[in-house]
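Below is one structure, written out as structure tokens; the observations come after it.
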Amino acid sequence: MAAANDRIIVVTGATGLQGSAVTRHLLSSGWKVRALTRRPGSERAQELSTLGAEVVQGDMADPDSLAPIFEGAYGVFSVQNPIISGIDGEIRQGKTVADAAMRAGARHLVYGSAGAGMRGTGVPSWESKLVVEDYMKSLGVSLTILRPTAFMELMMEKKFFPAVSTWHVMPALMGSSTKVGWLAVDDLGYIAARAFAEPDRFTGRELPLTNDVRSIDECRALYREVMGKMPPRFPMPVWLFERFGFTGRDLSIMWLWLRKNDFSFDTSLTRSIHPGALDVRAWLQQQSGPRSG
């Protein structure tokens, strides 16, 4: 197992949900973290600084801005957001981060991918990640790929417009009884930290991550049981959601794919790595205190 000691991990997208979860778990495990963000003065960036991260400003599309940040880093956690950058921008950023990690001599690259891990789905934000993965593999860098499907935060995080998205358009397109593999973002952060700590175990692996398999109908019932009320639902036409959600047709294509394809989700790998990972009920119970009102 690699001891943290004075070793540095660069976390890209550090103020996002995935990046901040990874940063928290790395810091709690004793690693030094350089938290890369476009806005180091933001509230989320300052929270990471308070926890002990070195918050640094950089642009994942600009290799010159990344070079000094990646210098001396033991590892890099790479994640991009296509909602912000667009699909082409996501691919450019992913390749630029991989190049920067390679040039800096980073010994371990952990990539926050997503989706089914198969080609030809037609889902733009899944296919783009496969392009980035292929590029990373071509460089020969020591690589671990994390591949969650759906984050539990989709049910409550305001930035995902859950009343419209998860609780209305998603079941309308996917089918309310279709099974989905769910994972809490915080548990992804834990697993990423484990990957850096145990390179012999995780280098060269692609990890499909899910800790609960539930339909929207089942999630809705659990929400009502835990929260004492039905989840918020705001009906909206699909065409308006695609415009309003700033995702184009990506989510619509994804949900239709899940409806039409018999994709199997397996929780055993996630639970073997992280026995304490939350299922949907436990995650909702965790949210029920400060966020139920």
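Listing for the model above:
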| item | result |
| --- | --- |
| Considering residues of region 138-190 that are free of Cβ contacts under 8 Å to residues at least 40 places away in the same chain and over 20 Å from the mean Cα position of the chain (by Cα) only, the residue nearest to Val76 (Cα to Cα) | Gly140 |
| Residues of region 235-293 classified as of a type in the set (Gly, Ala, Ser), over 20 Å from Met152 (Cβ atoms) and at pLDDT 90 or above, total | 1 |
| Subset of region 142-164 [at pLDDT below 95 and hydroxyl-bearing (Ser, Thr, Tyr)] | Thr149 |
| One residue from Thr144, Thr149, Thr166 being in contact with a Pro (Cβ under 9 Å, 6 or more places away or on another chain), over 26 Å from Pro275 (Cβ atoms), crowded, with 20+ Cβ neighbours inside 10 Å and β-branched (Val, Ile, Thr) | Thr166 |
| Subset tally (residues that are closer than 20 Å to Leu209 by Cβ and either of a type in the set (A, V, I, L, M, F, W, C) or in contact with a strand residue (DSSP E or B) (Cβ under 8 Å, 6 or more places away or on another chain) (or both)) for region 158-186 | 10 |
| Some residue of region 106-125 being closer than 29 Å to Ala67 by Cβ, small (Gly, Ala, Ser), modelled with pLDDT of 95 or more and touching a Leu at 6+ places or on another chain (Cβ under 8 Å) | yes |
| Positions within region 131-157 being charged (D, E, K, R), touching a strand residue (DSSP E or B) at 6+ places or on another chain (Cβ under 7 Å) and more than 18 Å from Ala100 (Cβ to Cβ), in sequence order | Arg147 |
| In region 218-242, residue farthest from the chain's Cα centre (by Cα) [restricted to those that are surrounded by 13 or more Cβ atoms within 10 Å (Cβ to Cβ) and under 26 Å from Thr121 (Cα atoms)] | Met236 |
| Segments classed as strands (runs of 3 or more DSSP E), wholly inside region 1-120, with at least 3 members that are in contact (Cβ under 8 Å) with a residue 12 or more places away in the chain, loosely packed, with under 15 Cβ neighbours inside 10 Å and touching a strand residue (DSSP E or B) at 6+ places or on another chain (Cβ under 8 Å) | none |
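The values are calculated or read from the model by the stated rules, or taken from the named source; none is laboratory data. This structure is a prediction, so every number in the text was calculated from the model and none was measured. Counting neighbours? That spans all protein chains shown, and the Cβs are built from the backbone with ideal geometry, glycine included.
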